[in-house]
Every structure is written in C-alpha cells, then in structure tokens.
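See below for the structure under consideration.
The values are calculated or read from the model by the stated rules, or taken from the named source; none is laboratory data. Quantities reported herein were computed from a predicted structural model and do not represent experimental measurements. Note: ideal-geometry Cβ built from the backbone for every residue, glycine included; neighbour counts use all protein chains shown. Surface accessibility is based on the protein's heavy atoms, side chains included, excluding ligands, DNA and RNA. Shrake-Rupley method; radii C 1.70, N 1.55, O 1.52, S 1.80 Å.
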Amino acid sequence: MKKENYDIIVIGGGPAGMMAAGRAGELGARVLLIEKNERLGKKLSLTGGRRCNITNAEFNNRLFLENFPESKKFLFSPFSKFNVESTFDFFESRGLPLIVEDRKRAFPKSESAEDVGFVLKKYIEESGQVTVKLNTAVKSFLVEEGKLLGVKTSDRIFRADKIVLASGGTAAPETGSTGDGFKMLKAIGHTVKVPDPNLAPLRTSAKWVHALSGVSVDDMTLRFLQNEKVGHKARGRLLFTHFGISGPLVINSANQVKKLLKKGPVIASIDFFPDLDLGSLDAWFLDLFEKNKNKILKTVFKDLLPKKVVETILFRPEFLIGDLKVHSVSKEQRKKLGHLLKDLRFPIVGTMGFEWSIVADGGVLPKEVDFRNMASRLYPNLYLIGDTIDINRPSGGFSLQLCWTTGWVAGTDAAEVK
Ligand SMILES: Cc1cc2nc3c(=O)[nH]c(=O)nc-3n(C[C@H](O)[C@H](O)[C@H](O)COP(=O)(O)OP(=O)(O)OC[C@H]3O[C@@H](n4cnc5c(N)ncnc54)[C@H](O)[C@@H]3O)c2cc1C
C-alpha cells in the first residue's frame, strides 16, 4: 500500500468538514480533505429548498442554545468561540450577504445554497494548504497499539497527527451520508446511538402549536387519543417546533403514533399539571387567585409555564381572559382554564421522516466528546463534528450552525495544538 503523510486528515467534505479543513489550512496546517462523492458539499447544495437556511439569527448564545434542550450544557463552550455572529461575519466578509426571514431563519441574499458551497471551497483553496481528494471513501481508521495514526481507503493508507471525522449522519443517504463514520467509530470503541427510522418528531396542522416554536416544557404528560380512547401516553420534556412537537418524549412515541395513524385520526392532548387531578388543580387555582386577586391573570401564570404557552391559552379567540383582573375571572372561566391546562388538544397529522433531516437522530454520544475542542475523549487526536454527534435540534438553521461552530473549533484546535 502506498503511504502519504499530512498534519490533519478531514474525512467528509460537507459543511462541517469544509469549515474544519479551511480553518486548519488558514492556520498553516497541511490538510488532506477526503470526500467520497465526485464533489464537495452535495447535501449542502440541497439545504433550505436549495436556498440554504445557513443559520438562525439569534445572536444571544444563551437564547440560541435554548433550542438544544438536551445538549446546551455541552455547547456553551464551542459557541463561546464561534457563534451566530461569527457565522454572519464569516460569510458576509467573504462576499455573501445574509438576509433574515421569519423565525429568525437566515439565508444568503442570493438565495443560492451553491453560493455557500463556493465560499467554503474558496476558503479551502486560498491557503494553498488543503489537498482535496474526491471519489475516495475512507474505509476505516488506522489504529496501532491503541493510538490513532491515520485512515485506510481501499488501496491506500494516509497518516496524520490529527483526524477530523465529518462524515455526517444518515439523513438523505443519496448525498453520501450513509453512516460510514458511525461504523468506523464503533470499531474503535466509541458508543454510537444507532439511528432509528421509527424515531421522528410529529406534525400537526394546528397553527397555534406552530406559533409556539422554540418553546419547551420540562415535565408534562402527552396522551395520544383515538376515538376518545388513550392509544399511547408518555411523560417528559416537550419541545414545540414550527411543524409540530419534538423532544425525546415525542420522538420515542412516534412509532406508536404511526401505528395509530394507520387506523384513523389521532388527537394529542397535553396535561401541563400531571401530578394534580382536576379537583386539586381547581382548589390550587382558588387559593392562587385569592392571593393575587388584584393582579392581571396572565402575570399570575408567568412563573408556572413558559410565557408563550400562557399567552396561547389565555388569549384563545374564544377564551380571551389573559388581561382580566384575577378577581373578575368567573368560576366557569377558572374551571375551563383548568380543563385546558389538563387537556390541551390538537390533531396529529403525521411524522417527520429522515428525508426532512429535522432531528438528526443517532451519532456518537455527546459525553464521549470534549466540547472545548471537539476532540474524542477516547482518542485525543480524533475530532468529531457536525452530524457525527448525537445532538437533537429543531429545523431553522440550527444544524448548519452546529457545523460552522464545531468545524471551526476542531479546525482551530487541530492546527494549533501540537
Ligand atoms: C434536504 C435537506 C435540507 C436541509 N436543509 C437544512 C437547512 O436549510 N438548514 C440547516 O441548518 N440544516 C439543513 N439540513 C441539515 C444539514 O444539511 C446537515 O445537518 C448538514 O449537512 C450536516 O453536515 P455534515 O458536514 O456534518 O455532514 P454531511 O453534510 O452529511 O456531509 C458529510 C460528507 O461526508 C462524506 N462521507 C461520508 N462517508 C464518507 C467516507 N467513508 N469517506 C469519505 N467521505 C465520506 C459524504 O459524502 C458527505 O459529503 C438539511 C438536510 C437535508 C437532508
């Protein structure tokens, strides 16, 4: 086998890999970027209906990371180094102005995902440090005596001090993301959560649910009803998205809901106070209202539930009571409020499949990654970025922002740290 040596090898020429390779090259490292497709950024060119929802224009790191309920604790560190503002600066300073649309979704002003790819390809080329090898699939890591030394293709060994794995996940496999990296990681001892096609977020046609996008509720019960009978029930954290509901509780229920949907219409019902029955909830409200009788109703609830949820329930067109003084809320209105909070209903119309790539289920467990530099906790010279890590997130530019952040942080560390 012929041998070639580099400082850094990046496996996968998607958005994360291109960012990492470009950054490491910019810092002077000799980089080999290996991509199995005939061109770089195949999936990237399809993103956002080919317009590329490049990031989400929430410039406050804390608010941005609220969209990653399970992983935000890991992500603060890389986002302190490269965040949404950095993404705007990166692309706009390279001649790609961005515009912001509804729900803070940012796109290139040219409305072309290909243009995003052009900026990244130029970034890779301009240092003169990055060699790109297309039509080349990495088959495995080269590990000797517990040390990661390089990668193997079908006919070659490439050695490097550092390896960056950016081979994506399993969403839209026709673009090259076929889960190769997951197999390679498992072979060297990493724990990879296997992507499950039955896991998916759920869609609703109820516009008021879409309007709650980005809101999460920590502990509630969700029931799925068919002909007024409970077909499935689960408790945990719920995340509202612009198409419906998500979060581990929903994703894990999707298989059961799919089965119910095959039989007929399904209604979801949220119980925001699962530990109280209706009577106890009403008794609690009576006490709460008595103590706050001169306050505006919506302010009484502000510490109990997320603001947007309170507003959605207290300002329903047929139940406009949010601005009432508490003492003028009638008994019927109080009881109806209790009912709504214990049984808030909306129709489920289907699941979101892999083809939407909304939740990239599967990947290496975040606890096996050191998010300060994106290095593996098992092999300090291996970096894991983009869709290779198991991080749930909603749609709206969040996936690509993860690529820009993790790619930049890994590229920087791999090039700078000897
Ligand atoms: C239709 C669609 C639309 C989307 N739209 C958006 C959007 O608008 N905004 C957003 O934020 N997110 C969007 N996403 C999600 C986003 O595209 C992904 O999160 C992102 O592409 C992940 O980037 P990555 O670099 O980690 O992996 P990928 O983009 O999957 O790139 C991985 C690369 O590695 C290569 N590769 C794999 N195995 C090997 C191997 N063994 N050897 C060599 N190369 C290998 C693949 O060919 C591929 O080019 C969309 C996804 C899809 C499917």
Exercise for the section: Determine if segment 120-132 includes at least one residue that is touching a helix residue (DSSP H, G or I) at 6+ places or on another chain (Cβ under 9 Å), surrounded by fewer than 17 Cβ atoms within 10 Å (Cβ to Cβ) and on the phi > 0 side of the Ramachandran plot. Expected result: yes
Practice task
Working only within segment 368-403, note down all residues that are within 14 Å of SER77 (Cα to Cα) and open to solvent by 20 Å² or more (accessible area, probe 1.4 Å).
Solution key: ASP370, ARG372, ASN373
Completion exercise
The one condition LEU185 fails out of (1) away from the ligand (no atom under 15 Å from the Cβ); (2) open to solvent by less than 10 Å² (accessible area, probe 1.4 Å) is (1)
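Test LEU324 against the stated conditions and say whether it is in the same structural domain as SER213 (by TED's automatic domain parsing) and more than 35 Å from the chain's Cα centre (by Cα).
Numbers: in the same structural domain as SER213 (by TED's automatic domain parsing): yes; more than 35 Å from the chain's Cα centre (by Cα): yes.
In short, yes.
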Completion exercise
The lone condition ASP155 fails out of (1) buried (at least 19 other Cβ atoms within 10 Å of the Cβ); (2) more than 12 Å from the ligand (Cβ to nearest atom) is (1)
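Can you tell me which residues in segment 206-230 are assigned to a strand (DSSP E or B) and either hydroxyl-bearing (Ser, Thr, Tyr) or open to solvent by 40 Å² or more (accessible area, probe 1.4 Å) (or both)?
Residues of segment 206-230 assigned to a strand (DSSP E or B): 216-226, 229-230.
Result: SER216, ASP218, ASP219, THR221, ARG223, LYS229, VAL230.
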Exercise for the section: Confirm whether TRP404 is within 12 Å of the ligand (Cβ to nearest atom) and either not in a helix (DSSP H, G or I) or not β-branched (Val, Ile, Thr) (or both). Expected result: yes
Practice task
Kindly indicate whether any position in segment 138-148 is open to solvent by 70 Å² or more (accessible area, probe 1.4 Å) and within 14 Å of the ligand (Cβ to nearest atom).
Solution key: yes
Fill in the blank from the handout: ALA160 passes all but one of the listed conditions (1) crowded, with 18+ Cβ neighbours inside 10 Å; (2) assigned to a helix (DSSP H, G or I); (3) among the hydrophobic types (A, V, I, L, M, F, W, C); the exception is number (2)
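THR136 - would you say it is among the β-branched types (Val, Ile, Thr), assigned by TED's automatic domain parsing to the domain that holds ALA410 and part of a strand (DSSP E or B)? Spell out how you get there, then give the answer.
Numbers: among the β-branched types (Val, Ile, Thr): yes; assigned by TED's automatic domain parsing to the domain that holds ALA410: yes; part of a strand (DSSP E or B): no.
Considered against the rule, which asks whether it is among the β-branched types (Val, Ile, Thr), assigned by TED's automatic domain parsing to the domain that holds ALA410 and part of a strand (DSSP E or B), THR136 comes out as no.
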Problem - Listing of strands (runs of 3 or more DSSP E) fully contained in segment 7-117 that carry 1 or more residues being buried (at least 22 other Cβ atoms within 10 Å of the Cβ) - result: 31-34, 105-108
